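Comments concern the structure below.
No value in this document is a laboratory result; all are computed from the given coordinates. Source: prediction; values computed, not measured. Cβ coordinates were reconstructed from backbone atoms using ideal geometry, including for glycine residues, and neighbour counts include every protein chain displayed.
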Amino acid sequence: MNRIIHTTVNGRKVVEENVEPRMLLVHLLRDRLGLTGTHVGCDTTNCGACTIRFNGLAIKSCTMLAVRSEGAEIMTIEGLAEDDKLHPIQQGFWEKHGLQCGYCTPGMIMSALQLLERYPEPSEAIVRRELEGNLCRCTGYQNIVEAVLWAGEQLKSQESTV
Amino acid sequence: MADPLIGQSIKRREDLKYVTGCGTYVDDLTLPGMLFASFVRSPHAHAKVLSVDGSRVLEHPKGIEVLTGRDAVPLAGPMPVYSYREAAAIKKPDYRCLAHDRVRFVGEPVAVVAATDRYAAEDVAERVRVEYEPLDPIMDPEQSLAPGAQKLHDNLDNNVGLRIEREGGDMAAAFREADFVFKKRFRMHRHAGSPIEPRGCVAQYNSGTKELTLTCSTQIPHILKTHLSEILDFPEFRIRVIAPDVGGGFGNKLQIPPEVVALCLLAMKARRPVKWIETRRESLMAFLHARDQIHDVEIPMKNDGTILGVKAQMTVDAGGYLDARISGPSLGAGMWLPGPYQVKGYAIDINVVMTNKCPYGAYRGFGSQMGALVIERSVDLIARQLGIDPVAMRQKNLIKETPYKTVTGHEFDSGDYMAGLDKALAMVDYPELRKEQARLREEGRYLGIGVAMAVEGAGWNTYTAAMAQHYVPTLDYATVTMRMDTSGNVKVLIGDVACGTGHATTAAQVAADATGLPIDTIEIVEGDTAITPYDSGTRAARFSAVVLPAVALAGQSLKEKVCRVGAHLLEGAEADMEITAGKVHVRGTPSRNLPVSRVARVAYSEVATLPRDIPAGLEATESFKAPVSGLCITWPYAIHIPVVEVDIETGMVRFLRYAIVHDCGNEVNPMIVEGQVVGGTAQGVGGTLLEELVYDDDGQLLTTSFMDYLVPTATDIPHFEVCHLQTPAPQIPGGYKGMGEGGCVYTYAAVANAVADAIEPLGVEITSTPLSPPRLLALLREAKGRG
């Protein structure tokens, strides 16, 4: 039986009718809401291209049913920048050539967001470990690590000027 | 005069859209009335197709259309196949977009359905009833070659799709002069590129204009268009192929996907746009496989370590059909056997044989990594046998001077391989590493140092038009159009595709330097066949060596046109005009200038004020033809030295460091080049240690998800130390060689050498990949059993 979902995505109220119970959250975001920045790269929760922020946690939206998002607060890649001001993680990926084809990038950035909350001053080893759930085929991860470390530095200095 | 942008690691101009989720990949496209396709695929590796019943599809409320293999036979011709250099020799198995009478690999498409949403499409696909009569599959390429083997294709005499026999230099002399002949079998396993974005396409047919429009995740929009025209007998000028943002290609997306052909037929039948996006499972089963080869090599040697020649009997496991490009990695593997060494001769005998597996196609490296694995492992093994240091043996045999005419019939244009090797050895402090290795061995730890080097080929002079179904000696070329608008901004139109390769930035750097215009007024447009000139696509590392020179020529030409109008407006001589930072001025007198925007306005809107002999508008189209014939246009090279530790209890390989010295000539954007080197090497690491496509004896693919097919994660890949050397390509304007194959060519050899070096005291001989933990443990157990 199809459901109605009430949720909040990128700060906006969303009401979606006729949602099949089997619909994946990633498809609700992409196909219903037009938020195509979140990508699908596998069938088995391995690649992380679908990573979003759900009630404050990074989750893989291909592995959550859309109906579970009732009452939740969701942020996708499209909600990360404030107006035209990029989040330091987004800026870091740009500065450090942390992307090539860009397909894994939104998921990487959303994972990195959680990573830097948990480890504000991560080592390279911690960055690599915490990003194990996000696959990249283009970059060999080297510049992704640089990007996250750079962003960590930026966030730290923003904190200290507050 | 502004500082040239060429050579600067400027930030990429295309990244804003990617970091904000505004990229447009094929699955992001929605069209009014669009349907979703789902393919019905064979569960058998080999079977007759007795019947296909799609009647229940239309009974489903969301089921709109169905197409079977038999429906498709009169509507679409066979899939194309090329043969590099061995023209008439390639066989033509009956390879159709949908199987109609027989299936030859698990996952082969048999029918396709269209439904109103992607979930319903899978429901509806399950309603198609296919009756099969299973046949015994052939999973071993050597069994498939054996006389009397079951024929996989009735229209062929046997299962050999192509035979290639080539030799060069003087192998007879090499054998005559030999003190001994080293003989060994090497094997590289089946694996695949697996870009994170799988294949996908949206096809739509407009019955009013009779136009077929495809948005497809492809590296070759123009070539795809030409092939579709042939296969569908559809006028080429009414087909439009648009490559949107492509989430990784790596050569795999050079395929002419049978699914795309079927999708076109479905779109024409349904009279509604249809979208197909493959699942990862489908991708692993039915997208292109690669790399699966067996080489039996004979290397005539002198006792002092001189390599006299290389001879190989090669078997390539092509899968159930011949992918269009299968002859490339087959030939490539053979041509790369002599490596960077001075040898007297080479001889290759290649059997490209079919089995009941997914077809084998192009993947980064295109066979060169197999040739490199064979020769570089052989050098290490022979050095061991002779009691010579493997580095010293390399130095003895390395090509010392370029240009160098190889026995394979090419000329390595420029490069100092000895200096590159020295540099790499210095980077890791090789003598110290050997001491470290000895110390650790006494502690029962196994450190390994792998050295591997090769000369890569960039810019393959292969077919550049789909019509070259027989190989004709051809030259690669690129045509670029630069079009200035009425405000003085420029669009640069290129028919290839950026699939992570940074073209929007590097082409703009070259265009800015060539025209004198600010880079912010230049946009690169790629991938749409309606807009861009014909181009053979993003492949073979050709962008730097072939496309960028065309960009420079078009820029020069456009600049001349702007200067011509500017000279008239400034009342100066055309030959004295220059453009700097977007202003046209007399050379040496920058104060007397006009902004290019003013010149453009005149050229487009105030044409009456121009003299008769100055044409209106500001647009230039120029072509660059490769200046060198032969297999490749230019020859980058690299040396890889990984240092590993092997845990003999777990079979895990840990990288302690990985040093790379590479030389791809002049670099437009060193940051982008390094990204390619690192990315390619990472794929090589995955391919050597982790990734494996495994079939069981019944032909079922066991690795159908990323849980089993292990694409490396951030903890599997080490930090790479990269040193860039730049020996310009003497015959390429700009001196660029290209680096798109990245580190893929060298990694298998380097890592295999490192692992072998580590566990050599335990009596393990490494001659095949992958070196995954279970396989290493098996080798270790076996060596222990022998010893």
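Full extension of the chain between A:E124 and A:T45 yields a length gain of 26.0 nm, computed as 0.36 nm times the residue separation minus the alpha carbon distance. Rounded to the nearest 0.05, the FRET efficiency derived from the C-beta distance between B:H60 and B:L31 at R0 = 35 Å is 0.95.
Close amide H contacts of B:D528 (hydrogens built in the peptide plane, cut-off under 5 Å, sequence separation of 5 or more or a different chain): B:A243. The simple spin-label model puts a point 7 Å past each Cα toward its Cβ; for B:D157 and B:D3 those points are separated by 6.6 nm. Between A:M64 and A:L25, A:V26, the built amide H atoms are under 5 Å apart, and every one of these is 5 or more places off in sequence or on another chain. Placing +1 on each Lys and Arg Cβ and -1 on each Asp and Glu Cβ, with no other charges, gives chain A a dipole about its Cα centre of roughly 380 debye. Using the Cα gyration tensor of the protein assembly as shown, with a ≥ b ≥ c the square roots of its eigenvalues, what is the shape: rounded (a/c below 1.5), prolate (a/b larger than b/c) or oblate (neither)? Taking the square roots of the gyration eigenvalues as a ≥ b ≥ c, the protein assembly as shown is rounded.
Our estimate of slack between B:K396 and B:D647, defined as 0.36 nm per intervening residue step minus the Cα-Cα distance, is 87.1 nm. Per-residue 3J(HN,Hα) values for segment A:26-33, derived from phi via the Karplus relation 6.51 cos²θ - 1.76 cosθ + 1.60 with θ = phi - 60°, read 4, 6, 4, 5, 6, 7, 8, 9 Hz in sequence order (x marks Gly and Pro). Distance between the 7 Å Cα→Cβ label points at B:K17 and A:R32: 2.8 nm. Dipole magnitude for segment B:43-160: computed about the Cα centre from +1 point charges on Lys and Arg Cβ and -1 point charges on Asp and Glu Cβ, it is near 280 debye.
Between B:L475 and B:K92, the FRET efficiency from the beta-carbon distance, with R0 = 25 Å, is close to 0.45. A cut-off of 5 Å between modelled amide H atoms, ignoring neighbours fewer than 5 places along the same chain, links A:V9 with A:V14, A:I74. Loop-located GluC sites (Glu not before Pro) across segment A:54-140 with a Cβ neighbour count of 12 or fewer within 10 Å are A:E70, with loop assigned by DSSP. Residues in segment B:45-56 carry Karplus couplings, in order, of 6, 7, 6, 7, 9, 7, 7, 10, 10, x, 5, 6 Hz; the curve used is 6.51 cos²θ - 1.76 cosθ + 1.60 with θ = phi - 60°, and Gly or Pro positions show x.
Here the gap between B:T24 and B:S207, fully extended at 0.36 nm per residue and compared with their Cα-Cα distance, gives a gain of 63.2 nm.
In order along segment B:731-740, the Karplus-derived 3J(HN,Hα) couplings, from 6.51 cos²θ - 1.76 cosθ + 1.60 at θ = phi - 60°, round to 9, 9, x, x, x, 7, 10, x, 9, x Hz, and Gly and Pro are given as x.
Near B:K583, which aspartates and glutamates are there with a Cα under 13 Å away, not counting those fewer than 8 places off in the same chain? Counting by Cα, and skipping residues close in sequence, B:K583 has no aspartates and glutamates nearby. About its Cα centre, segment B:594-646 has a charge dipole of approximately 220 debye under the convention of +1 per Lys or Arg Cβ and -1 per Asp or Glu Cβ, with nothing else charged.
Seen against the Cα atoms of chain A and their longest principal axis, helix A:105-118 is set at about 70 degrees. Here B:K559, B:K405, B:K62, B:K737 are placed in order of increasing Cβ neighbour count within 10 Å, fewest first, which gives B:K405, B:K62, B:K559, B:K737. Spin-label pair B:F180-B:E236: with each label point 7 Å from Cα along the Cα-Cβ axis, the two points sit 5.6 nm from one another.
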